[in-house]
1. Computed FRET efficiency, Cβ-Cβ of D56 and T12, R0 35 Å: what is it to the nearest 0.05?
2. Quick check: net charge around A65, other residues with Cβ under 15 Å of its Cβ, Lys/Arg +1 and Asp/Glu -1?
3. For semi-axes √(5λ) of the Cα gyration tensor in Å, several values are listed as (1) 34, 18, 11; (2) 33, 14, 11; (3) 29, 16, 16; flag the one computed from this structure.
4. Tell me whether region 24-73 comes out rounded, prolate or oblate; compute the Cα gyration tensor, take square roots of the eigenvalues as a ≥ b ≥ c, and use a/c under 1.5 as the rounded threshold.
5. If I fit a long axis through the Cα atoms of helix 106-119 and take the longest principal axis of the Cα atoms of the chain, what angle between them do I get, 0 to 90°, rounded to 10?
6. Length gain on complete extension for the stretch T5 to L64, per 0.36 nm per residue less the alpha carbon to alpha carbon distance?
7. Nearest 10 degrees, 0 to 90: what angle lies between the long axis of helix 40-53 and the longest principal axis of the chain (Cα atoms)?
8. Rounded, prolate or oblate: which fits region 80-143, taking a ≥ b ≥ c as square roots of the Cα gyration tensor eigenvalues, rounded meaning a/c under 1.5, else prolate when a/b beats b/c?
Amino acid sequence: MQPETIFSFANTFVLIGWVLLIVAFRWKYTLTLVRLGVVLLLSALYTILIITHLGDSEGGFGSLAEVSQLFENPWSLLAGWVHYLAFDLFVGSWEVENAQKLGISRWLIIPCLLFTFLLGPIGLLLYLILRTIYTKRLSHELA
């Protein structure tokens with residue numbers, strides 16, 4: 001199988017998890033399906049890519065030039081992309097779980113999830129800001 005085919009599969013497959021987080025926010029099986037289904041399978045794919053293509057490319061993690069050289073290999077680039085897909089989706093699932101515990105509205109979480117899906121750390125930062133504002137407001141209401 002070619003890297004491009006696996007790339008297309010992973011990009012399509014991860015959408016299942018994001019749709020579940022956004023559309024089925026409070027469904028009792030959402031987090032389980034996202035984590036034990038999508039994230040776990042993407043993590044397994046990442047592991048297979050690393051094991052089967054470890055050492056196929058030059059470069060490393062010691063400098064930006066080495067990282068650039070490492071990702072010139074399409075298999076390493078694909079592994080890096082799958083890594084992002086899995087971790088960003090896991091972060092999104094944590095945002096949903098945490099928001100449910102705090103009682104934060106699904107409608108406030110959706111923009112955070114979209115940013116986490118598209119721009120990873122920006123979405124997490126937005127959620128952490130939202131959570132801070134919400135918990136401070138909540139603590140003032142309880143005081």
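FYI, it's all coordinate maths here, none of it is from the lab. What you see is a predicted model, and the numbers here were worked out from it, not measured in a lab. A quick note on method: Cβ atoms are made from the backbone with ideal geometry, for glycine too, and the neighbour counts reach across all protein chains shown.
1. Details: r = 25 Å, r/R0 = 0.71.
Once rounded, the FRET efficiency stands at 0.90.
2. Working: positive: none; negative: E58, E66, E72.
Counting the neighbours of A65, the net charge comes to -3.
3. Correct label, based on the coordinates given: (1).
4. On the way: a/c = 5.33, a/b = 2.58, b/c = 2.06.
Because a/c hits 1.5 or more and a/b exceeds b/c, region 24-73 counts as prolate.
5. For 106-119 against the chain, the angle is about 20 degrees.
6. Roughly 18.5 nm would be gained on extension.
7. Helix 40-53 sits roughly 20 degrees off the main axis of the chain.
8. Numbers: a/c = 2.84, a/b = 2.50, b/c = 1.13.
The shape class here is prolate.
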